[in-house]
Amino acid sequence: MKAAYFTRHGGIDALEVGDLPAPSPAPADAVVDVAAAALNHLDLHVLRGIPGLKLLLPHIGGSDIAGTIAELGSEVEGWEPGDRVVVDPGVSCGRCPACEADQAPLCPEYRIIGEHLPGGFAERVVVPARNLHGIPDGDPFAAAAAAPLVFQTAWRALMSRARLCEGETVLITGASGGVSTAAIQIARRAGATVLAVTGGADKVRRVRDLGADHVIDRTEVDFAREVRRITDKRGVDVVLDSVGEAMWEGCIRSLAPDGRLITYGGTSGPEVKLDVRRVFWRQLRIIGSTMGSRSEFREVMDLVFAGELSPVIDQTMSLDAAREAYERLEAGAQFGKIVLLP
């Protein structure tokens, strides 16, 4: 089968497109003919190499997968070859206390398809059958593939971890990225006032069109100072941040008393500075979040299929153009998700 893969960690020049053996299912698995697979920043990190992450090479990236079932393991029930499916990228053991409590991301054996396991940048992929979720007839595969990782991450962060409420204010950084474009829609649906930070006039316009109430161009102003101005010096109730190092201080400064900072990434670097006096005096909360539980995945995907939430697609590209897609993502030129069509 054709796949985009790497045999060594490094830059985008380490990425190859060629033939690899097609996978076979274990008894509880399904083989999916991949119709669409979307990129995430995670794919760049895995290509470069994540400290402590040891992979069986060659490795295929791609956490967001949609397609049709090609083959089923001997123990799988409830599915048939040809069924249209989208894949929950989070894989857990299913038997530990965290899994039994529907908290899969806290499972000691938690892994992510495309990071720890072979992903969807290929013509076929094998996944646990319990990770499948049906796609309604007529819904495009590209839109389904653009949703799983980013929408479940945004949903868990805002609704489960931050417990965002109607009438609150939320600041979303990196607003042109996949999780952030999902988060803007989720926050608006929850009845919150949305402030968003992005860079450049075109992205400001597109984020505003997506529904943000206030959009701040970080290349033009100090975003934290602008947040204070917009909120009449109060600050926001919630900050949702994936940038980390470069924006951390401003995120802390943007919080109102008793505010919550939800962090789910660190694209600009993992090391942050923190004046602990600001945290305890203003009684701030710093909360980590990653991915989503099984029920969170299903809930948010059903909202996508119902048309209440809409994945933002930057562009679709062929699998042969995988390097070009990685380059576009690395340059930050995209708005929303880049989707490969194997």
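The values are calculated or read from the model by the stated rules, or taken from the named source; none is laboratory data. Worth saying up front: this structure is predicted, and the values here are computed from it rather than measured. Glycine also receives a Cβ, built like all others from the backbone with ideal geometry; neighbour counts cover every protein chain displayed. We work out accessible area using only protein heavy atoms, side chains counted, and drop any ligands, DNA or RNA first. Shrake-Rupley method; radii C 1.70, N 1.55, O 1.52, S 1.80 Å.
Here are some notes:
- The set of residues from segment 166-185 being in contact (Cβ under 8 Å) with a residue 60 or more places away in the chain and over 19 Å from the mean Cα position of the chain (by Cα) comprises 168, 169.
- Any chance residue 102 is open to solvent by less than 20 Å² (accessible area, probe 1.4 Å) and of a type in the set (Asp, Glu): no
- Filter result (crowded, with 22+ Cβ neighbours inside 10 Å and among the aliphatic types (A, V, I, L, M)) within segment 105-128: 113, 122, 125, 127
- Members of segment 19-55 found to be among the hydrophobic types (A, V, I, L, M, F, W, C), farther than 20 Å from residue 150 by Cβ and either assigned to a strand (DSSP E or B) or without any contact (Cβ under 8 Å) to a residue 24 or more places away in the chain (or both), listed by number: 30, 31
- Answer residue from segment 52-89, given it is open to solvent by 10 Å² or more (accessible area, probe 1.4 Å) and either under 20 Å from the mean Cα position of the chain (by Cα) or of a type in the set (Asp, Glu) (or both) and is modelled with the lowest pLDDT among those: 53
- Some residue of segment 198-213 being without any contact (Cβ under 8 Å) to a residue 60 or more places away in the chain, among the polar types (S, T, N, Q) and open to solvent by 20 Å² or more (accessible area, probe 1.4 Å): no
- Pairs linking a residue in segment 269-284 that is within 9 Å of residue 252 (Cβ to Cβ) to a residue that is of a type in the set (Val, Ile, Thr) and open to solvent by 70 Å² or more (accessible area, probe 1.4 Å), with Cβ atoms under 6 Å and 6 or more positions apart or on different chains, do not occur.
- Which listed residue, of 41, 9, is open to solvent by 60 Å² or more (accessible area, probe 1.4 Å), under 24 Å from the mean Cα position of the chain (by Cα) and modelled with pLDDT of 95 or more: 9
- Out of 138, 191, sole residue that is closer than 22 Å to residue 37 by Cβ, open to solvent by 20 Å² or more (accessible area, probe 1.4 Å) and assigned to a loop (DSSP other than H, G, I, E, B): 138
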